[in-house]
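The values are calculated or read from the model by the stated rules, or taken from the named source; none is laboratory data. This structure is a prediction, so every number in the text was calculated from the model and none was measured. Neighbour counts run over all protein chains shown; Cβ positions are idealised from the backbone, glycine included. Ligands, DNA and RNA are stripped out before the accessible areas are found, and what is left, the full protein with its side chains, is counted by its heavy atoms. Shrake-Rupley method; radii C 1.70, N 1.55, O 1.52, S 1.80 Å.
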Amino acid sequence: MSFDCQRCGACCAHFRVSFYWAEADDAPGGTVPVALTRQLSPQLRCMAGTESRPVRCVALQGAVGRSVGCGIYAQRSSSCRELQPGDEKCLRARAAHGLEAVPRAAISADCSPS
Ligand code: SF4
Ligand code: SF4
């Protein structure tokens, strides 16, 4: 049992999402649309909207904690791909947005009569 990312989006509205500059599509083989990024250093870029507070990635669509989607899902960076539902960063982001730390179905399963 895990979290439903399409009903969350907290990590896309909590962390600075940075990655090696050549993951952007102005480099050979890069995929992340460069117009949606910001330069952080000669080596690093981040998703626009995650470099300042309040954090919200420019590619995030919808309402956090309700219904969300990534507008560049197939082109997202390695940083986005590495974060997994239920891992430490996921739980930190969810807590920051007031979302529960245990998947909903697991809560009801635990409480259901046996
Ligand atoms: S915080 Fe966790 S559950 Fe929410 S979108 Fe990110 S990975 Fe998915
Ligand atoms: S690119 Fe997509 S997955 Fe990555 S932070 Fe932005 S909305 Fe989230």
Since residue 92 meets every condition but one in (1) in contact with a Gly (Cβ under 8 Å, 6 or more places away or on another chain); (2) within 12 Å of ligand 1 (Cβ to nearest atom), which condition does it not meet? (1)
Number of the exception - residue 106 against (1) modelled with pLDDT under 95; (2) touching a Pro at 6+ places or on another chain (Cβ under 9 Å); (3) of a type outside the set (D, E, K, R): (2)
Starting from segment 53-74, take each residue that is at positive phi and list its partners that are aliphatic (A, V, I, L, M), counting only C-beta distances under 9 angstrom and pairs at least six apart or across chains. 62/68; 65/10; 65/99
Search result, residues across segment 66-90 that are within 7 Å of ligand 2 (Cβ to nearest atom), closer than 21 Å to residue 103 by Cα and outside any helix (DSSP H, G or I): 70
On the basis of being within 20 Å of residue 89 (Cβ to Cβ), touching a residue at least 60 places away in the same chain (Cβ under 8 Å) and open to solvent by 60 Å² or more (accessible area, probe 1.4 Å), does residue 7 make the cut? yes
Tell me which residues, restricted to segment 21-50, are in a helix (DSSP H, G or I) and touching a residue at least 40 places away in the same chain (Cβ under 8 Å). 23
Among the residues of segment 16-35, the number that are surrounded by fewer than 18 Cβ atoms within 10 Å (Cβ to Cβ) and within 16 Å of ligand 1 (Cβ to nearest atom) is 1
Based on what the data block shows, is residue 13 modelled with pLDDT of 95 or more, touching a Pro at 6+ places or on another chain (Cβ under 9 Å) and of a type in the set (Gly, Ala, Ser)? yes
Residues being open to solvent by 50 Å² or more (accessible area, probe 1.4 Å), within 16 Å of ligand 1 (Cβ to nearest atom) and in contact with an Asp or Glu (Cβ under 8 Å, 6 or more places away or on another chain): count how many of those fall in segment 36-80. 0
